[in-house]
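This report concerns only the one structure given below.
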Amino acid sequence: MSYEDFLEGRPAIVTAALTGGVHGKEANPAIPETPEEIGAAAAACREAGVSVVHLHARRENGERAFETERFQEITDAVRERAPDLIVQHSTGGTGAPLEVRRQPLLTDPAPDMASLDMGPLNRYDHLTSENTRATVDALYDLMDERGIKPELELFNSGHVTETYELLERRDLADPVYATLIFGGGTLTRPRPRNFLTSIEDLPEGAQFNTLGFARHQLPFATMGLLFGGHVRVGLEDNVYYERGELAESNAQLVERVVAVAETLGRPVATPKQARARTRPGASAALPAGSGHVRVTG
Amino acid sequence: MTCPYLAYRSEGDGREFDVERAYCTAAERFVQPMRADICNDRYDLDHEVDCEIYRAAEQ
């Protein structure tokens, strides 16, 4: 993917990360936490132009939940309100063992996509989300078994290298779909030169999704649009609309990035187009909830 | 064993919630949901090791 993809007008996939698992309503009361709130947010984002929703599960008090049953409630709420959306479950889980992190992959039907954290990430002062290669392989194998498209989350350039390592170990279905993440801490330092280096370093044929945390969300989404990539926005990654002004909703952030795409002349993908772009070996007319269909690429 | 500084409250820190949420009495604020897993020693987490707020409060 490159500037040529922008010039050729290839549709950009917009993902909304609706809730996350780190902060909650204590950071922004608009963050959806219950299945009903997440389902409603997904429908609003669908109306605004989203084709993929990235989902975490929470308990009633906003704390993290990993149980299949809770993910099932949430994914059912989303599919009921926006049946053509591509559902992407998180498998991230700082401090949680592998068996717990497998649970989001076991819903019926399986999610269409799932995140795969490609390496370590520091949290707070004394904690690291380890994401060892053994963990990556185990989660990948379960996704492969269930026909789930992996969304490789690359926190920094070392994880770009890990992607090549994974390609040595596993036969990833084409295309590699990777999210490049920019921000503080362990993340790639959010500077344009690092963005350009990252996209040039990706494996041949890979599609990239652009994620900038906090104030970097909009600038990096804009760069992603210009350089032929896809974009992710949402309250998981950024609770503000402007400096000092909390975002009113996930949809508000989506509407803004869709307006940028339209201004730049970059089409925004429908869910059907997004399915065709991420899983070209599968039919673009796959019905919603068909993530359990085995796809070979 | 959960952190001795953990409380569940629906009000505090100038905020109000429908459901009681994790509140740190050492930091005097509601904590992030992910940090609440540390407070509760869930999964592989241990507040005595993983939480800088607890460690600072105990020093």
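The values are calculated or read from the model by the stated rules, or taken from the named source; none is laboratory data. The structure displayed is predicted, hence computed values, not measured ones. Here Cβ is always computed from backbone atoms with ideal geometry, including for glycine, and neighbour counts include all displayed protein chains. Keep in mind that these areas ignore ligands, DNA and RNA; they rest on the heavy atoms of the full protein, side chains included. Shrake-Rupley method; radii C 1.70, N 1.55, O 1.52, S 1.80 Å.
Kindly identify residues of the stretch A:48-83 having a loss of at least 30 Å² in accessible area between the isolated chain and the assembly of all protein chains, probe radius 1.4 Å.
Flagged in the stretch A:48-83: A:Arg59, A:Asn61, A:Glu63, A:Arg64.
In the stretch B:4-26, what residues drop by 30 Å² or more in accessible surface going from the chain by itself to the full protein assembly, probe 1.4 Å?
Those residues are B:Arg15, B:Phe17, B:Val19, B:Arg21.
So if a site counts as exposed when it's one of the GluC sites (Glu not before Pro), its DSSP state isn't H, G, I, E or B, and it has at most 10 other Cβ atoms within 10 Å, what's the longest stretch of chain A without one?
Longest run free of exposed loop sites: A:9-203.
If you consider only alpha-carbon coordinates, what radius of gyration and Dmax does the protein assembly as shown have, in Å?
Gyration radius and largest Cα-Cα distance of the protein assembly as shown: 19.4, 61 Å.
Which residue, chosen from A:Ser115, A:Leu226, A:Thr68, occupies the Cα position most advanced towards the positive end of the dipole of the protein assembly as shown, where the dipole is computed from +1 (Lys, Arg) and -1 (Asp, Glu) charges on Cβ about the Cα centre?
A:Leu226
About the Cα centre of the stretch A:3-278, how large is the charge dipole given +1 on each Lys and Arg Cβ and -1 on each Asp and Glu Cβ? Please answer in debye to the nearest 20.
Computed about the Cα centre, the dipole is about 520 debye.
In terms of modelled amide H atoms, which long-range or inter-chain residues lie less than 5 Å from the amide H of A:Thr19?
Correct list: A:His56, A:Glu236.
Keeping all protein chains in place, calculate the accessible area per residue for chain B (probe 1.4 angstrom), answer in Å².
55 Å²
Counting only protein heavy atoms, what percent of the accessible surface of the protein assembly as shown is carbon or sulfur at a 1.4 Å probe?
47 percent
Once Lys and Arg get +1 and Asp and Glu get -1 on their Cβ, which of A:Ile199, A:Thr94, A:Ala42 lies farthest toward the positive end of the dipole of chain A?
Positive-end residue among those listed: A:Ile199.
Tell me, which residues of the stretch A:7-44 get at least 40 Å² less accessible area when the other protein chains come in, versus the chain alone (1.4 Å probe)?
A:Val22, A:Glu26
Just to verify a number: FRET efficiency for B:Asp13 and A:Gln72, C-beta to C-beta distance, R0 = 35 Å, to 0.05?
With R0 = 35 Å, the Cβ-Cβ based efficiency is 0.55.
Can you compute the helix-only [θ] at 222 nm over chain B? Use -39500 (n - 2.57) per DSSP H run of at least 4 residues, normalise by all residues, nearest 500 deg cm²/dmol.
Taken over chain B, the calculation gives -7000 deg cm²/dmol.
Leaving out ligands and nucleic acids, and using a 1.4 Å probe, what accessible area per residue does chain A come to in Å²?
38 Å²
If you take the Cα Rg of the stretch A:175-267 and divide it by 2.2 N^0.38 Å, with N the number of residues, what do you get?
Against the empirical 2.2 N^0.38 Å value, I get 1.05 for the stretch A:175-267.
Using only protein heavy atoms and a 1.4 angstrom probe, determine the accessible area buried between A and B, summed over both sides, in Å² to the nearest 100.
Buried: approximately 2100 Å² between B and A.
About the Cα centre of chain B, what is the dipole size in debye to 20, counting +1 per Lys and Arg Cβ and -1 per Asp and Glu Cβ, all else neutral?
Roughly 140 debye, rounded to the nearest 20.
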